[in-house]
1. Compare Y12, Y122, Y142 by solvent-accessible area with a 1.4 Å probe and give them largest first, with all protein chains kept in place.
2. Do you know the Lys pair count in the chain for C-alpha distances under 23 Å, with sequence separation 8 or more or different chains?
3. Round to a whole number: what % of the accessible area of segment 3-42 belongs to carbon and sulfur, probe 1.4 Å?
4. Given the rule -39500 (n - 2.57) for each run of at least 4 DSSP H residues, summed and divided by the residues of the chain, what is its mean residue ellipticity at 222 nm, to the nearest 500 deg cm²/dmol?
5. Would you kindly state how much longer the chain becomes between A133 and R40 on full extension, computed as 0.36 nm times their sequence separation minus their alpha carbon distance, in nm to one decimal?
6. Just to be sure I understand: with springs between alpha-carbon atoms less than 10 Å apart, which residue in K113, K129, K68 has the highest mean-square fluctuation in the Gaussian network model of the chain?
7. Take K113 and A25, extend 7 Å from each Cα along the Cα→Cβ direction, and tell me the distance between the two endpoints in nm.
Amino acid sequence: MPGIRETRTLPYSAEQMFDLVADVANYPEFLPWVVATRVRSDDGTEMVADMLVGFKALREKFTSRVIKDRPGRLEVIYVDGPMRDLDNVWHFRSTPDGGCELDFCVEFSFKNKMFEMLAGQYFDRAFRKMVAAFETRAAELYGSSSSSAQSVA
């Protein structure tokens, strides 16, 4: 299954970044292509949520189960949608300066192998744009001391 990984050192705490990524209800406010979200259930350690993603006239709904291990890890497990699989894991590790190292890995496969080969090259750019949107949102919520943020992918 194709995958993409990104690691960044950020000036925000692991708890802050965990809270930001776990806040699925607010994704439409800052994530590109996310039209709407609906949290079906959330007991603090596990969430089931729907996400409507759109680009121009195309709209697709994804359902995922999110396992929350605060503040160090979020695992997103694909339940239903237009793809064969779309799983991702976020790790948040505190750094000595009060920031954190964010490690994000996504694995995906399309139902149509031909489409997977064609779309895979664009998926990487879309993925990086979404990671950057989380970083921008963190700066808006927690302050813009993001000059120390760096990509090591």
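1. Y122, Y142, Y12
2. The result is 5.
3. On the way: 760 of 1750 Å².
Its accessible area is 43 percent carbon and sulfur atoms.
4. Using -39500 (n - 2.57) per qualifying helix, the result is -9000 deg cm²/dmol.
5. Roughly 31.1 nm would be gained on extension.
6. Result: K113 has the largest fluctuation of those listed.
7. 4.4
The values are calculated or read from the model by the stated rules, or taken from the named source; none is laboratory data. Quick caveat: nothing in here was measured; it's all calculated off a predicted structure. Ideal geometry is used to build each Cβ from the backbone, glycine not excepted, and the neighbour counts take in all protein chains shown. Ligands, DNA and RNA are stripped out before the accessible areas are found, and what is left, the full protein with its side chains, is counted by its heavy atoms. Shrake-Rupley method; radii C 1.70, N 1.55, O 1.52, S 1.80 Å.
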